[in-house]
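The values are calculated or read from the model by the stated rules, or taken from the named source; none is laboratory data. Because the structure is a prediction, the values reported are computed rather than measured. All Cβ positions, even for glycine, are placed from backbone atoms using ideal geometry, and neighbour counts span all protein chains on display. Surface areas here come from the heavy atoms of the whole protein model, side chains and all, with no ligands, DNA or RNA. Shrake-Rupley method; radii C 1.70, N 1.55, O 1.52, S 1.80 Å.
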Amino acid sequence: MKKHAVLVVGARPNFMKAAPLIHAMLRESAQFEITLIHTGQHYDYNLSQLFFEDLNIPKSDIYLGVGSGSHAEQTANVMVALEKELINLAPDVVIVFGDINSTLATAVVTAKLGIKLAHVEAGLRSFDNRMPEEINRIVTDRLADFHFVTEQAGVDNLVNEGIDKKHVIMVGNIMIDSLKQNLSKLSDSKVISDNSLIEKKYVAVTMHRPSNVDNKERLTKYLALLVELSKKIDVVFPCHPRTLKMIEKFELQSLIQSDSFHLIEPLGYIDFLALLAYSKFVITDSGGIQGDTTYLKIPCLTIRSNTEQPETISIGSNTLCGEDIGFLNEKIDEILNGNYKQSAVPKFWDGATAQRIVSYLEKNL
Ligand code: UD1
């Protein structure tokens, strides 16, 4: 008899992690029936529905519609709505992804109902509790029964926290499954021509982390750097709604008036990958983009003082630049002068992660 898996997703960084697993579990040969639940943490078309379309994710079976709110409100709203659904569905396993508030809320509800919990992208740690995602990761991993890990640091962190090694499974980075499956579509994207860009002659930027954008001084500092950089090379910044709201709140629109500084709407999955793949380099505070650029071997300067994915630095194309504008400028010069480090791709980032997870769950549920 097929096992029943509930997969819960909520926000943009979940969708490209869930898609390969959904597709693998829906294969005729797989021993699963699935229910897909979307919490509605992200609800804008281009942060949510567009990703379902780009990644061919079937419409969710259940939509909780929780929307925005404080961390407590958002987490609590997912918990209340999800509990009823899980009691009703009584699945064999619930699968969660990454580190967003919906992940945490689902983990708590699932564990209290005594349902098996699997965490995809387990064990990552920034060791910085000021990041809400770090708290979400720690609690989710403490409650999970199966920990699917992307890189060796994940195994080490979980074992150090007392998680039994036999429940820690190195499967690799599932985002790379999505990336590999969609690479052939990048040439169809119009993102380069629509924004009058030239391949390898622009920098792609994303910035949405509250620690960077909710602070006027810091946001002003970064925007000023980017405008200065745009005098040398085009800068393209698909802007998260939170960042846009802050630019307006702090009245920084006039600062970024420049023909070679392109502040654009958030992009879908294919257009965004194309923007990364054809860029000269990337400046970001995102987690996932550190992984994408490592796979694509595009230099990535991360404007954070820590990362939960150390192999993107030790093996990959990523450099942590903290808040040090001087260091960031040094790295930018290295890239523009062709002196930036050479990089490689970590083990198991090979496009077969979803299949490893399915095979494991088939044997162990
Ligand atoms: C969430 C994740 C973060 C991830 C990011 C990617 C948590 C704690 N954070 O942060 O890890 O990197 O998603 O985008 O779960 N908003 C909209 N439309 C939407 C969704 C949000 O306008 O569809 C605005 C709202 O004003 C909202 C704000 O963005 O208050 C923040 O959204 P929220 O989901 O709380 O967190 P993110 O910053 O998106």
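What does the net charge come to around N77 if you take all other residues with beta carbon closer than 14 Å to its beta carbon, with K and R at +1 and D and E at -1?
Residues near N77 contribute -2 overall.
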Original post:
Nearest 20 debye, what's the magnitude of the dipole of the chain about its Cα centre given +1 on Lys and Arg Cβ and -1 on Asp and Glu Cβ?
Top reply: 360 debye
Original post:
Arranged from highest to lowest average of other beta-carbon atoms within 10 Å per residue, in what order do the peptides 83-89, 162-168 appear?
Top reply: 83-89, 162-168
Original post:
Here are some pairs, K59/K245; K190/K221; K59/K84; K3/K112; K231/K331; which of them have Cα atoms lying more than 25 Å apart in this structure?
Top reply: K59/K245; K190/K221
Subject >> Mean residue ellipticity (222 nm) of the chain, computed from DSSP H runs ≥ 4 via -39,500 (n - 2.57), nearest 500 >> reply: -13000 deg cm²/dmol
Original post:
Around P299, what is the net charge, scoring Lys/Arg as +1 and Asp/Glu as -1 over all other residues with Cβ under 11 Å from its Cβ?
Top reply: +3
**OP:** Give the carbon-plus-sulfur fraction of the accessible surface of segment 187-336 in %, rounded to a whole number; probe 1.4 Å, heavy atoms of protein chains only.
**Re:** 48 percent
**OP:** Sort 13-24, 198-209 for me by packing, meaning the mean count of neighbouring Cβ atoms within 10 Å per residue, highest on top.
**Re:** 13-24, 198-209
**OP:** Just the ratio, please: alpha-carbon radius of gyration of the chain over 2.2 N^0.38 Å, N its number of residues.
**Re:** 0.97
Original post:
What is the packing order of peptides 321-330, 46-55, taking the mean over residues of other C-beta atoms within 10 Å and listing the highest first?
Top reply: 46-55, 321-330
Subject >> Radius ratio Rg over Rh of segment 187-336, counting only Cα atoms, Kirkwood formula for Rh >> reply: 0.93
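Could you tell me which chymotrypsin sites (Phe, Trp or Tyr not before Pro) in segment 120-197 are loop residues by DSSP with no more than 13 other beta carbons within 10 angstrom of their beta carbon? It would help to have the intermediate numbers written out before the result.
Working: sites: F127, F146, F148; in loops: F127.
Within segment 120-197, the qualifying chymotrypsin sites (Phe, Trp or Tyr not before Pro) (loop, at most 13 other Cβ atoms within 10 Å) are F127.
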Original post:
Looking at the square roots a ≥ b ≥ c of the eigenvalues of the Cα gyration tensor of segment 4-107, which shape do they give, rounded for a/c under 1.5, prolate if a/b is larger than b/c, or oblate?
Top reply: oblate
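Can you pull out the trypsin sites (Lys or Arg not before Pro) in segment 222-301 whose DSSP state is coil and whose Cβ has at most 15 other Cβ atoms within 10 Å?
K231, K232, K297
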Original post:
Zone of D214 (label point 7 Å along Cα→Cβ, backbone N under 18 Å): which residues in segment 299-320?
Top reply: 304-306
